[in-house]
């Protein structure tokens, strides 16, 4: 684990009042980039502490993968002492992020207007289901709800008999990336103008934007009525193809790449076929083209396909399982997988921040914390003496970690 912080966000403090995946992922990214991220948790803790494989209560795998490079401060914001400590923390912050519905933050007394009065330089980020400006602004949302509302489940259903969710929390993670981007952009604006601001990052609008970049298609033209849906992505033949001994992904795009694939499969004659001989023709006949490729792929083993195509720059890959990635030679060589010793969970495998900065690299400097692991530490930094901290702990306004190191 690194001890030196060279990240581009070193010196900025982020108060992270989020849970599950969306906000925690955004906060972890900011922490990886050098920010001092303080995760404020309610007494029950983040629900993600129980999602996934667990060796010890409160430290499940999903939580471990979204909350490194943070300190955990556990406060009961419904108690006056807890809310007062939170406000003291806000006075020291550059950024505040929450993932509660706007109605909930107003009820707690931590809406934008409340925190702006405490810290006029605060960037306030709300990341939640639907923009408060619209009629859905009161609705509760999680990943599955947004996949459905944003068209994502229906898009998956084009290739099946019914709508279907993708096999990962797509809306949470995509909106988390958008939230982290919003924080950095708002910080840049503040650096240039001196202006702090409120930033809203709604999941619904984010995922509609993402889903329809290619699938808006004919509806892009405002005086037309569709159709929507990019045809190449709607064909049931767009998928990994069977090789002679397994599966392979092959995606020739231009004419030269198609000639290489057809020659490797022993069907060079198809290069002159009217359905194959140009990009426009292949787009028009995508079902036939891809179904033909699904048959041709059986001619070679996966390794033979890679050997035939890679030297010619034809996009191709073996079809990896998550388990395969643990020993993937490229990921190993670039140092993607890192391990560190967690004080209670033992050796942990973690994924390196995927963007490489030449001058200001991201780093892993702190282990994922237990609930309230740094409560005393942070309260001390805010000027609370030991007697006051003890009184807050006794009253339940603050909670600290009880687990011991292994």
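The values are calculated or read from the model by the stated rules, or taken from the named source; none is laboratory data. These figures come from a predicted structure and were not determined experimentally. As a convention, Cβ positions derive from the backbone with ideal geometry for all residues, glycine included, and neighbour counts pool all protein chains shown.
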Review point. Name the residues in region 55-94 that are surrounded by 18 or more Cβ atoms within 10 Å (Cβ to Cβ) and within 19 Å of the chain's Cα centre (by Cα), would you?
Key: 60, 62, 63, 64, 65, 66, 67, 68, 69, 70
Review point. What tally of residues in region 346-372 results from selecting those that are more than 12 Å from residue 6 (Cα to Cα), touching a residue at least 60 places away in the same chain (Cβ under 8 Å) and touching a strand residue (DSSP E or B) at 6+ places or on another chain (Cβ under 8 Å)?
Key: 10
Exercise for review: Tally the residues that are more than 14 Å from the chain's Cα centre (by Cα), under 30 Å from residue 31 (Cβ atoms) and in a helix (DSSP H, G or I), restricting the search to region 150-179.
Suggested key: 1
Check your understanding: Say we look at region 95-120 and pick out the residues that are surrounded by fewer than 18 Cβ atoms within 10 Å (Cβ to Cβ) and in contact with a helix residue (DSSP H, G or I) (Cβ under 7 Å, 6 or more places away or on another chain); which of these is farthest from residue 164 (Cα to Cα)?
Key -> 118
Practice item. Report yes if residue 236 is in a loop (DSSP other than H, G, I, E, B), at pLDDT below 95 and not assigned by TED's automatic domain parsing to the domain that holds residue 141, otherwise no. Key: yes
Check your understanding: Do we find a residue being at pLDDT 95 or above and either part of a strand (DSSP E or B) or exposed (fewer than 13 other Cβ atoms within 10 Å of the Cβ) (or both) anywhere in region 359-370?
Key -> yes
Review point. Since residue 8 meets every condition but one in (1) in contact (Cβ under 8 Å) with a residue 60 or more places away in the chain; (2) assigned by TED's automatic domain parsing to the domain that holds residue 366, which condition does it not meet?
Key: (2)
Practice item. Mind telling me which of the residues 194, 167 ends up being exposed (fewer than 13 other Cβ atoms within 10 Å of the Cβ), on the phi > 0 side of the Ramachandran plot and in the same structural domain as residue 19 (by TED's automatic domain parsing)? Key: 194
**Study point:** helices (runs of 4 or more DSSP H) wholly inside region 279-357 containing at least 2 residues that are more than 18 Å from residue 263 (Cα to Cα) and outside the structural domain of residue 49 (by TED's automatic domain parsing)
**Key:** 279-284, 286-296, 322-325, 329-333
Practice item. Go over the candidates 248, 183, 169 one by one and state the one that is at pLDDT 95 or above, under 30 Å from residue 115 (Cβ atoms) and in contact with a strand residue (DSSP E or B) (Cβ under 8 Å, 6 or more places away or on another chain). Key: 183
Review point. Would you call residue 260 part of a helix (DSSP H, G or I) and at pLDDT 95 or above?
Key: yes
Practice item. Sort through 226, 218 and tell me the only one that's without any contact (Cβ under 8 Å) to a residue 12 or more places away in the chain, at positive phi and exposed (fewer than 14 other Cβ atoms within 10 Å of the Cβ). Key: 226
Point to revise | Residue among 176, 137, 151 that is surrounded by 15 or more Cβ atoms within 10 Å (Cβ to Cβ) and on the phi > 0 side of the Ramachandran plot | key: 151
Review point. Taking the stated definitions as given, is residue 375 within 21 Å of residue 44 (Cβ to Cβ), out of contact with any strand residue (DSSP E or B) (no Cβ under 7 Å at 6 or more places or on another chain), surrounded by 15 or more Cβ atoms within 10 Å (Cβ to Cβ) and assigned by TED's automatic domain parsing to the domain that holds residue 41?
Key: no
Check your understanding: Could you count how many residues in region 302-319 are within 30 Å of the chain's Cα centre (by Cα) and surrounded by 14 or more Cβ atoms within 10 Å (Cβ to Cβ)?
Key -> 5
Check your understanding: Failed condition for residue 57, given (1) more than 21 Å from residue 364 (Cα to Cα); (2) modelled with pLDDT of 95 or more, with all others met?
Key -> (2)
Study note, to complete from the structure: If we keep only residues of region 25-34 that are in contact (Cβ under 8 Å) with a residue 60 or more places away in the chain and in contact with a strand residue (DSSP E or B) (Cβ under 8 Å, 6 or more places away or on another chain), then the residue farthest from residue 207 (Cα to Cα) is 31
